[in-house]
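Structure record follows, encoded as structure tokens.
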Amino acid sequence: QVQLVESGGGLVQPGGSLRLSCVASGSTFAITAMGWYRQAPGKERELVAGMSFSSGTTNYVDSVKDRFSMSRDNAENTVYLQMHSLKPEDTAVYYCNADLHVGTVPMGIYFGQGTQVTVSS
């Protein structure tokens, strides 16, 4: 089991930047991938960025490519989502996610409590 705590959300004007953080604790040794999801009012939750720890690759949804960047600090068990050129349509609750495996056995998918990002003038 892992616990995920997000921070860094807030109100920002269009064109601005924010950096979200997600600190993982608990059975972090079992984390094989992490990601950032978002959910806007009335919409389904969507995967914004996902990072595989085994391959080191990161993928982004088309709508955020070239604007968002996901990174990881192994020593701090923290992942970040750097967001630039924010648009009103980026407004959503952003959730950190972790996939756990022991070997090839899946051990669960976990989400944090979310952090609100509001892009508005």
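The values are calculated or read from the model by the stated rules, or taken from the named source; none is laboratory data. Being a predicted model, the structure only gives us computed values, none of them experimental. Note that we place each Cβ from the backbone using ideal geometry, even for glycine, and neighbour counts take in every protein chain shown. Calculation scope for accessible area: heavy atoms of the full protein, side chains included, ligands and nucleic acids excluded. Shrake-Rupley method; radii C 1.70, N 1.55, O 1.52, S 1.80 Å.
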Tally up the residues in the range 66-82 that are loosely packed, with under 15 Cβ neighbours inside 10 Å and either among the acidic types (Asp, Glu) or modelled with pLDDT under 95 (or both), please.
5
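Condition test on residue 40, is it at pLDDT 95 or above and in contact with a strand residue (DSSP E or B) (Cβ under 9 Å, 6 or more places away or on another chain)? I'd like the intermediate steps shown before the answer.
Numbers: at pLDDT 95 or above: yes; in contact with a strand residue (DSSP E or B) (Cβ under 9 Å, 6 or more places away or on another chain): yes.
Here the answer is yes, as residue 40 does meet what is asked.
Applying the selection to the range 27-44, what residues are under 20 Å from residue 5 (Cα atoms) and without any contact (Cβ under 8 Å) to a residue 12 or more places away in the chain?
First, pick out the residues of the range 27-44 that are under 20 Å from residue 5 (Cα atoms): 27-40.
If the condition is that a residue be under 20 Å from residue 5 (Cα atoms) and without any contact (Cβ under 8 Å) to a residue 12 or more places away in the chain, then 29 is the only one that fits.
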Hey, does the range 83-93 have a residue that's open to solvent by less than 60 Å² (accessible area, probe 1.4 Å) and more than 23 Å from residue 11 (Cβ to Cβ)?
no
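Taking the residues in the range 30-59 that are of a type in the set (Ser, Thr, Tyr) and open to solvent by 60 Å² or more (accessible area, probe 1.4 Å) as candidates, determine which candidate is nearest to residue 105 (Cα to Cα). Talk me through it step by step, then tell me what you get.
Initial filter on the range 30-59 (of a type in the set (Ser, Thr, Tyr)): 32, 37, 52, 54-55, 57-58.
Next cut, open to solvent by 60 Å² or more (accessible area, probe 1.4 Å) only: 54-55, 57.
On the way: 54: 15, 55: 18, 57: 21 Å.
So the residue we want is 54.
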Out of all the residues in the range 13-29, is one or more surrounded by 20 or more Cβ atoms within 10 Å (Cβ to Cβ), in a helix (DSSP H, G or I) and not basic (Lys, Arg)?
no
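Return a yes/no flag: does the range 24-39 have any residue that is within 16 Å of residue 69 (Cα to Cα) and of a type in the set (A, V, I, L, M).
Initially, the range 24-39 is screened for residues within 16 Å of residue 69 (Cα to Cα), giving 33-38.
When the remaining residues are screened for being of a type in the set (A, V, I, L, M), the result is 33-34.
Scanning the range 24-39 turns up at least one residue that is within 16 Å of residue 69 (Cα to Cα) and of a type in the set (A, V, I, L, M).
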Please count how many residues of the range 64-84 are under 19 Å from residue 46 (Cα atoms) and part of a loop (DSSP other than H, G, I, E, B).
4
Give all pairs with beta carbons closer than 8 Å in which a residue from the range 45-68 that is touching a residue at least 24 places away in the same chain (Cβ under 8 Å) meets a residue that is assigned to a helix (DSSP H, G or I) and open to solvent by 40 Å² or more (accessible area, probe 1.4 Å); count only pairs at least 6 apart in sequence or on separate chains.
63/89
Working carefully through the options 80, 94, find the one that is farther than 16 Å from residue 119 by Cα, under 10 Å from the mean Cα position of the chain (by Cα) and in contact (Cβ under 8 Å) with a residue 24 or more places away in the chain.
80
